[in-house]
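Below is one structure; the comments refer to it alone.
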Amino acid sequence: MAVGANENISKIPPSYLFRDIGNKVLEFTKNNPDKAANLIRLGIGDATLPLASCIVEAGKALLDEMSTEEGFAGYVDEAGISDVRQAVSETIYNGKVAADHIFISTGSKEDSGSIGDVFSTDTPVYVTDPVYPVYVNTNIMYGRSNIRLMECNAENNFMPAIPESTESSLIWLCNPNNPTGQTMTTAELTAWIDYANKTGSIILYDAAYKSYIRDPELTTNIFDIDGAQDCVIEFQSFSKSHSFTGVRVAWVAFGDGVKIINSKGEESKVRDIWNGRQAYRTNGVSRPLQAMALKALSEEGMKSSREQTDYYLENAKIIREGFTKLGMDYIGGDNSPYIWVKTPKGMSSWEWFDYLLENCAVVCTPGAGFGGCGEGYFRLSAFGKKENVIEAMNRISGLSL
Ligand code: MLT
């Protein structure tokens with residue numbers, strides 16, 4: 001006798017792309033100790049620059065304060081202390097999303113996985129292919145089977161086509177895109193917002209990489225676009241903008257008019273439902289982390305973010321120039337830390353992953369790990385140290401491709 005399993009969980013792949021890569025790399029380093037020392041990791045998008053000192057000082061000061069009788073405080077508000085929510089509202093959204101529509105959390109991965117709590121399981125879910133695997137597999141865990149892939153390939157410039165369906169759906173858009181590094185123009189985003197409002201759909205907008213947008217023609221605040229308040233829920237994080245991958249602070253921002261309807265025909269604001277959900281699911285983000293987040297949003301913190309993202313964008317430029325010289329097809333890397341490259345000589349994504357690891361000791365991410373349309377591509381991340389990125393491109397240039 002045993003407890004019954006959640007059958008939906010057993011439908012997801014037993015492993016996770018970045019774990020598979022980690023295991024392969026571990027095996028490689030064990031078998032090739034000579035090459036291990038020179039390994040260059042441009043696979044997972046993990047920050048390599050240290051935290052800005054002003055942010056670290058803010059965290060330390062809060063801990064010091066908590067070591068005193070007067071300064072000690074226990075539980076935090078599960079939605080995030082109001083100062084941080086207010087700062088996100090002003091600094092990131094120019095006041096266009098109210099502080100009480102912003103919920104601080106420990107990561108966009110968990111937020112994007114958990115948002116599925118709110119919606120009916122028979123709602124169709126549109127995702128791009130290739131896609132960040134979290135959107136797909138967390139929906140499968142909820143028992144959603146109506147997942148519709150929007151193919152993105154060289155023919156459509158890796159840009160998803162707006163569906164013809166008139167059903168109310170959930171639509172995942174990641175912009176700048178992970179993994180392709182492609183960015184949507186304001187006109188393209190506007191078309192998605194119009195479609196969502198026409199069909200009563202909700203756009204789940206992953207903007208984790210928006211601090212990499214440099215082209216002044218591109219939209220950095222989706223809530224500036226007419227109609228976004230009625231259909232957009234945005235996911236954002238300090239991970240890729242302030243080196244918080246190991247610190248963990250993120251948020252969800254709800255458009256004021258985003259609503260769901262129950263079987264009795266009663267409508268509710270998604271923000272209100274999420275507010276209730278958070279009360280039962282979390283005690284929020286620790287006070288020291290919130291102090292660090294607040295500093296990250298200060299003028300000094302935003303300046304350091306700009307310097308860090310500029311640094312990674314310079315790496316991306318080095319990667320792009322390298323592939324241009326090699327005559328290899330790629331996109332991304334101009335307003336994004338990811339470069340999406342066609343594998344040479346018709347190699348499969350994993351063949352190329354192994355080849356690159358063995359011949360150059362460089363780790364990439366095989367495109368097939370992001371879905372069927374990713375086959376024949378690989379992703380390089382610009383989140384390395386500049387000297388390592390230069391060295392990686394030198395090694396790749398030395399291959400006889
Ligand atoms: C990636 O490399 O795609 C991201 O780092 C994954 C993540 O942020 O969870």
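Quick notes
- Peptides 238-251, 187-200, ordered by how many other C-beta atoms sit within 10 Å of their residues on average, highest first, read 238-251, 187-200.
- For region 1-105, the solvent-accessible area works out to 62 Å² per residue, with a probe of 1.4 Å and every protein chain left in place.
- Region 236-357 - accessible surface per residue (Å², probe 1.4 Å): 44
- Highest average packing first - 4-11, 319-326, 158-165, Cβ atoms within 10 Å: 319-326, 158-165, 4-11
- Counting only DSSP beta bridges with both residues in the chain, the antiparallel share comes to about 55 percent.
- Around the Cα centre of the chain, unit charges on the Cβ atoms of Lys, Arg, Asp and Glu (plus for the first two, minus for the last two) sum to a dipole of about 900 debye.
- Within the shell of other residues whose beta carbon sits under 12 angstrom from the beta carbon of residue 139, the net charge comes to +1, with Lys and Arg scored +1 and Asp and Glu -1.
- Å² of accessible area per residue within region 183-223, as computed with a 1.4 Å probe and no ligands counted: 35
- Net charge dipole size for region 18-165 [Lys, Arg +1 and Asp, Glu -1 on Cβ; Debye, nearest 20]: 720
- Kirkwood-Stokes translational diffusion coefficient of region 1-144, alpha-carbon pairs, 25 °C, 0.890 mPa s, µm²/s: 122
- Cα-based radius of gyration for the chain, normalised by 2.2 N^0.38 Å, reads 1.00.
- Restraint check, 325/385; 269/317; 60/269; 11/198; 24/303, Cα-Cα greater than 31 Å: 269/317; 60/269; 11/198; 24/303
- The apolar share of the surface of the chain, taken as the fraction of accessible area on carbon and sulfur atoms (1.4 Å probe, ligands and nucleic acids excluded), comes to 50 percent.
- MRE, 222 nm, helices only [DSSP H, n ≥ 4, -39500 (n - 2.57), over the chain, to nearest 500]: -11500 deg cm²/dmol
- Loop-located chymotrypsin sites (Phe, Trp or Tyr not before Pro) in region 1-72, at most 10 other Cβ atoms within 10 Å (DSSP): 72
- Packing order of peptides 358-366, 255-263, 38-46, highest average first: 358-366, 38-46, 255-263 (average count of other Cβ atoms within 10 Å over each peptide's residues).
The values are calculated or read from the model by the stated rules, or taken from the named source; none is laboratory data. Fair warning: this is a prediction, and the values are worked out from it, not measured in the lab. Every residue, glycine as well, gets a Cβ built from its backbone with ideal geometry; the counts of neighbours run over all protein chains shown. Just so you know, the surface numbers come from the protein's heavy atoms only, side chains and all, with ligands and any DNA or RNA stripped out. Shrake-Rupley method; radii C 1.70, N 1.55, O 1.52, S 1.80 Å.
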